[in-house]
Amino acid sequence: MPDNRPSWDMYFSKIASDVAARSTCIKRKIGAVIVNEKHEIVATGYNGVVRGAPHCLDIGCIKDENNIESGTGHEICPAVHAEQNALIQAGRGSLGCTLYVNAFPCKICARLIANAGIKKVVTCGDYTDKEGLEILKKSGVKLAHLEL
């Protein structure tokens with residue numbers, strides 16, 4: 001009997017896409033899932049403004065208002081990225097784990113991912129800022145990309 005179940009990478013990548021649905025960002029819905037080697041979810045995260053601040057869904061996008069293109073203006077945007085939220089939630093539990101995210105990590109997230117001890121990043125989708133991928137490669141983090 002054939003095994004028609006999705007691979008672990010496909011399974012957790014789809015979960016990351018579902019987590020993204022909670023995002024409060026107007027421009028991009030990003031979700032992240034951190035999984036240990038036992039295939040247990042350690043943490044999830046999605047992009048949105050800092051805790052307690054008004055959501056961009058309610059007040060509009062400051063990057064749109066200032067004509068700032070995607071992949072730039074990280075210091076202006078009030079959002080915390082999905083990868084950052086997942087890493088905060090996981091704490092030391094992220095060491096040696098795999099991170100699934102439905103975009104390429106930006107350069108800031110890539111640095112955090114490497115320093116958190118994530119061993120592998122599986123992406124689906126894309127992102128205009130590809131510098132994060134180079135940072136991850138140079139840091140020895142394994143990369144995989146899936147098409148959902």
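The values are calculated or read from the model by the stated rules, or taken from the named source; none is laboratory data. All values reported here derive from a predicted model rather than from experimental measurement. Here Cβ is always computed from backbone atoms with ideal geometry, including for glycine, and neighbour counts include all displayed protein chains. Keep in mind that these areas ignore ligands, DNA and RNA; they rest on the heavy atoms of the full protein, side chains included. Shrake-Rupley method; radii C 1.70, N 1.55, O 1.52, S 1.80 Å.
A compact table of results
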| read-out | value |
| --- | --- |
| Where GluC sites (Glu not before Pro) fall in DSSP loop in segment 1-107, at most 10 other Cβ within 10 Å | Glu37, Glu40, Glu69, Glu75 |
| Listed residue pairs exceeding 25 Å between alpha carbons, taken from Lys14/Lys107; Lys27/Lys138; Lys38/Lys130; Lys14/Lys130 | Lys27/Lys138; Lys38/Lys130 |
| Within the accessible area of segment 39-104 (1.4 Å probe), percent carbon and sulfur | 51 percent |
| Accessible area in square angstrom per residue, the chain, 1.4 angstrom probe | 57 Å² |
| Largest to smallest accessible area among Lys29, Lys120 [probe 1.4 Å] | Lys29, Lys120 |
| In segment 97-148, GluC sites (Glu not before Pro) in a DSSP loop with at most 16 other beta-carbon atoms within 10 Å | Glu147 |
| Relative contact order of the chain, defined on C-alpha pairs under 8 angstrom at six or more residues apart (%) | 22 percent |
| Highest-fluctuation residue, Thr98, Thr24, Thr72 considered, GNM on the chain with Cα pairs under 10 Å | Thr72 |
| Estimated dipole of the chain in Debye, rounded to 20 [Cβ of Lys and Arg +1, of Asp and Glu -1, Cα centre] | 420 debye |
| The chain, helix-only ellipticity at 222 nm - DSSP H runs n ≥ 4, -39,500 (n - 2.57), divided by all residues, nearest 500 | -8500 deg cm²/dmol |
| Listed residues Arg28, Arg92, Arg111, most fluctuating in the chain (Gaussian network, C-alpha, under 10 Å) | Arg92 |
| Distance between modelled label sites at Arg92 and His74, nm, 7 Å Cα→Cβ extension | 2.6 nm |
| Residue with peak Gaussian network fluctuation, the chain [Cα springs, cutoff 10 Å], from Asn102, Asn47, Asn66 | Asn66 |
